[in-house]
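A quick write-up on the structure given underneath.
Throughout, read-outs are computed from the coordinates displayed, never taken from laboratory work. Note that this is a predicted model, so its numbers are computed, not measured. Cβ sites come from the backbone with ideal geometry, for glycine too, and all protein chains shown count toward neighbours.
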Amino acid sequence: MFFARSRSGYLTSILAATVLLSGCSTLTEQQTHTVSGQALYRERITLPPASSLEVKVQDVSRADAPAEVLATLIRGDLAAPPYAFSFKIPADQLQPGHRYSVRATISHQDQLLFTTDQHYPVLASGDDTNLMLVMKRVASEQARASLQNTYWKLTHVNGTPVQVAEGEREPHLILKQGDRVQGYSGCNQFMGQFSQTATQLSFGPIAGTMRACMPSLDYERPFLQLMQGQVDWSVEGETLKLHNPDNNISARFKAVYLQ
């Protein structure tokens, strides 16, 4: 009788383990969502050397903020289209009720050449493994981002790239139409007033929070010092360049599309 009970218990354990492993296998399969397809443009032109393709899967739920990027693919050495892309998106990155899309661009030396001009929704329902993203050529007069009402992401300070830890908020600058400036320095929010000429920005007093973040950020102090007095500005494509001649601080920003 003891042997029979042990054997029964042993078989029960095997069956339970089999069911558990089967469940784990199903769970593993459900832990990622595949987003894949091809990006192309229909114009019969040759891209300049060193052009690059960028494809992003984004959370576009917030209308007043830049899209949150879930995954990015950057590809150089572009021959003729189409260009294949594929992402594995972890299920735990997705939020109930949020909207997601995929976007493709081709750039050359910070100059936007092609971009998708329509919304390509993904990660809602159905199959996202055979997408066809059609990019449209950007006219030269449209490729230059607007100084005002653009979310400018800080990328360089005094020639040094700005490194943002994963999951941290990125430093940025927004010059509102009119005379208001606001942004985030990497640790503190700030706001103030500005005026504009064809080549210069004049900043008034800048107010902000006074948090002390640890570890300290090398770029925060010069970023805030940059916005003191008059600053030379220029926009080339999607890049904003600022230089303060009084303290010799310079910075570069990249335009980020608000969704």
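Summary table
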| read-out | value |
| --- | --- |
| Integer Hz, Karplus 6.51/-1.76/1.60 couplings in order for the stretch 212-221, x for Gly and Pro | 10, 8, 10, x, 5, 9, 4, 8, 5, 4 |
| Residues D128, D246, D232, sorted so that the one with the fewest Cβ neighbours within 10 Å comes first | D246, D232, D128 |
| Karplus-derived HN-Hα couplings along the stretch 238-254 (A = 6.51, B = -1.76, C = 1.60, θ = phi - 60°), whole Hz, x at Gly and Pro | 10, 10, 9, 10, 10, 9, 9, x, 6, 10, 6, 9, 10, 8, 10, 10, 10 |
| Dmax and Rg, reported as Rg then Dmax, of the stretch 150-256 (C-alpha, Å) | 12.9, 39 |
| Neighbour-count order for M227, M191, M214, M132, fewest beta carbons within 10 angstrom listed first | M214, M132, M191, M227 |
| Shape of the stretch 190-253, Cα gyration tensor, a/c cut at 1.5 | prolate |
| Cα coordinate range in the stretch 78-186, projected on the principal axes (Å, largest first) | 45, 37, 30 |
| Residue order, fewest to most surrounding Cβ atoms within 10 angstrom, among R99, R62, R211, R44 | R44, R211, R62, R99 |
| Local net charge near P48, Cβ-Cβ under 14 Å (Lys/Arg +1, Asp/Glu -1) | -2 |
| Amide proton proximity set for A67, modelled H, under 5 Å, gap of 5+ | Q259 |
| Residue-wise HN-Hα coupling along the stretch 92-107, computed from phi with Karplus coefficients 6.51, -1.76, 1.60 (Hz; x: Gly, Pro) | 6, 8, 8, 10, x, x, 7, 10, 10, 8, 10, 9, 10, 9, 10, 10 |
| Long-range HN-HN contacts of Y41 with modeled amide H, under 5 Å | M135 |
| Estimated Rh, the stretch 32-137: Kirkwood, alpha-carbon pairs, angstrom | 14.3 |
| Alpha carbon centroid spacing (whole Å) that separates the stretch 205-259 from the stretch 45-83 | 25 |
| Net +/- balance of residues flanking F253 in space, Cβ distance below 10 Å, scoring K and R +1, D and E -1 | +3 |
| Formal net charge of residues neighbouring W152 (Cβ-Cβ distance under 11 Å; K, R +1; D, E -1) | +2 |
